[in-house]
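Q: Structure provided below as structure tokens; questions to follow.
The values are calculated or read from the model by the stated rules, or taken from the named source; none is laboratory data. Predicted model, so just to flag it, every value in this text is computed and none were measured. For neighbour counting, all protein chains shown are included, and Cβ atoms are generated from backbone atoms with ideal geometry for every residue, glycine included. All accessible areas refer to the heavy atoms of the entire protein, side chains included, with ligands and DNA or RNA removed. Shrake-Rupley method; radii C 1.70, N 1.55, O 1.52, S 1.80 Å.
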Amino acid sequence: MARLRGATPGGLLLLVLLLAWPAAAQVVVEDIIVPVTIRRPGQPALTHDVPVSIFRDTARPRAPFLVLGHGRSGTAHERAAFGRARYTPNSRYFVSLGFVVLVPTRIGYGVAGGPDLEDTGSCGGKVYPPGYDAAAQQTRQVIDHARRLPFVEAEGGLVVGQSFGGATSITMAALYPANIRAVVNFAGGGGGSPETSPERPCRPDLLRAMFADYGRTARVPSLWLYAANDRYFGERFPREWFDAYAAAGGRGEFVALPAHGHDGHGSFTSNPTAWRPPFEAFLRSVGYRLP
């Protein structure tokens with residue numbers, strides 16, 4: 001059932017940091033390495049290390065996992081300079097809601113290094129699904145690792161993603177739903193270029209077809225959040241993608257976030273007051289008990 005509404009963002013221990021936390025709680029941030037193996041049709045399997053930052057509250061003996069997927073840098077130079085994904089303010093907020101947060105830096109970015117597995121081709125010749133599947137395979141294996149950690153509940157986790165990571169969360173709902181209660185898609189999509197083609201991504205029809213395919217198999221509830229002034233994808237195409245997903249059987253809710261700044265595509269990090277209320281309402285609707 002789909003809904004539309006509006007709204008007013010083994011492991012090698014490398015580092016442990018203790019951060020001050022309200023109400024006498026203490027958050028531990030651990031950087032670990034998770035080896036993953038990526039399998040792609042017609043190509044040899046690739047085994048590579050994925051750095052993962054874990055945020056958790058030491059006052060909770062066990063908590064459900066939340067895997068947070070980052071977006072895609074547009075150029076090879078930007079991907080090399082990506083550093084490590086953490087989304088620290090958002091990750092701390094998710095911990096405050098009762099989650100153990102895992103933030104992978106995927107293969108091809110920053111400290112992970114390795115080949116670019118998420119290249120979906122030229123603007124006129126896009127082939128989207130393999131790129132998202134490569135990201136989803138990494139997410140799936142990070143979840144498999146997390147489920148073995150003593151402070152993580154093995155079932156009922158959440159997958160959240162921004163931009164390329166947002167579309168990957170929908171891929172997870174369709175292809176790798178085991179142990180996942182729900183997924184959240186912040187501004188998900190691909191092929192956008194706000195500088196050269198604002199609000200007109202490459203081959204949006206192919207993304208529509210991909211999301212329709214996902215909707216045929218996805219049975220995990222999903223939340224889709226897009227700002228009115230997203231300069232990567234605009235207003236029209238995200239709604240078309242969601243409608244195609246829902247018409248094919250995908251369970252989801254679309255939230256139209258207000259315009260924010262020059263480009264609302266980054267509302268996940270720049271406008272949390274807009275998305276936190278519908279986000280928390282969605283979590284409650286799928287059975288999470290929030291503080």
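Q: I'd like to know if region 150-162 contains one or more residues that are farther than 29 Å from T58 by Cα, in contact with a Lys or Arg (Cβ under 7 Å, 6 or more places away or on another chain), buried (at least 22 other Cβ atoms within 10 Å of the Cβ) and of a type outside the set (A, V, I, L, M).
A: No.
Q: Out of region 191-213, which residues are in contact with a Phe, Trp or Tyr (Cβ under 9 Å, 6 or more places away or on another chain) and part of a loop (DSSP other than H, G, I, E, B)?
A: G191, G192, P194, P198, E199, R200, P201, R203
Q: In region 227-262, which residue that is among the aromatic types (F, W, Y) and open to solvent by less than 10 Å² (accessible area, probe 1.4 Å) is farthest from A173 (Cα to Cα)?
A: F233
Q: Looking at this structure, is R216 open to solvent by 30 Å² or more (accessible area, probe 1.4 Å), assigned to a helix (DSSP H, G or I) and of a type in the set (K, R)?
A: The answer is yes for R216.
Q: Further question on the same structure: Within the set of pairs 6+ apart or on separate chains, which have a first residue in region 203-228 that is β-branched (V, I, T), a second that is open to solvent by less than 60 Å² (accessible area, probe 1.4 Å), and C-beta atoms under 7 Å apart?
A: T217/A174; V220/A173; V220/P177; V220/I180; V220/A182; V220/V183
Q: Check off (1) among the β-branched types (V, I, T); (2) within 27 Å of R203 (Cβ to Cβ); (3) surrounded by fewer than 22 Cβ atoms within 10 Å (Cβ to Cβ) for T47 and give me the number that stays unchecked.
A: Single failed check for T47: (2).
Q: Given the conditions (1) of a type outside the set (D, E); (2) touching a strand residue (DSSP E or B) at 6+ places or on another chain (Cβ under 8 Å); (3) open to solvent by less than 30 Å² (accessible area, probe 1.4 Å), which single one is not true for F211?
A: Status for F211: all satisfied but (2).
Q: Quick one: which residue in A135, A167, A182 is open to solvent by less than 10 Å² (accessible area, probe 1.4 Å), touching a Ser or Thr at 6+ places or on another chain (Cβ under 6 Å) and among the small types (G, A, S)?
A: Exactly one residue qualifies, and that residue is A135.
Q: Do you know which of the residues in region 1-14 that are within 30 Å of G131 (Cα to Cα) and aliphatic (A, V, I, L, M) is modelled with the highest pLDDT?
A: Checking each candidate, the answer is A2.
Q: Only residues in region 172-190 that are assigned to a strand (DSSP E or B) count as the first member; pair them with residues that are aromatic (F, W, Y), Cβ under 7 angstrom, at least 6 apart or cross-chain, and list the lot.
A: V184/F279; N185/W224; F186/F268
Q: Give region 264-291 a look and list any residue that's within 17 Å of F186 (Cβ to Cβ), of a type outside the set (A, V, I, L, M, F, W, C) and open to solvent by 40 Å² or more (accessible area, probe 1.4 Å), or say none.
A: Within region 264-291, T269, S270, T273, R276, P277, E280 qualify.
Q: Working only within region 65-74, note down all residues that are open to solvent by less than 10 Å² (accessible area, probe 1.4 Å) and not in a loop (DSSP other than H, G, I, E, B).
A: Correct list: F65, L66, V67, L68.
Q: For region 41-59, enumerate the residues that are at pLDDT below 95 and of a type in the set (K, R).
A: none
Q: Counting just the residues of region 244-291 that are among the aromatic types (F, W, Y) and either at pLDDT below 95 or not in a strand (DSSP E or B) (or both), which one comes out nearest to L207 (Cα to Cα)?
A: Only one residue tops the list, namely Y245.
Q: For region 20-27, indicate whether the set of residues that are part of a loop (DSSP other than H, G, I, E, B) and either modelled with pLDDT of 95 or more or over 21 Å from G188 (Cβ atoms) (or both) is non-empty.
A: The answer is yes, given that some residue of region 20-27 is part of a loop (DSSP other than H, G, I, E, B) and either modelled with pLDDT of 95 or more or over 21 Å from G188 (Cβ atoms) (or both).
Q: Take region 75-114 and flag every residue that is of a type in the set (S, T, N, Q), open to solvent by less than 30 Å² (accessible area, probe 1.4 Å) and not in a helix (DSSP H, G or I).
A: Across region 75-114, the qualifying residue is only T105.
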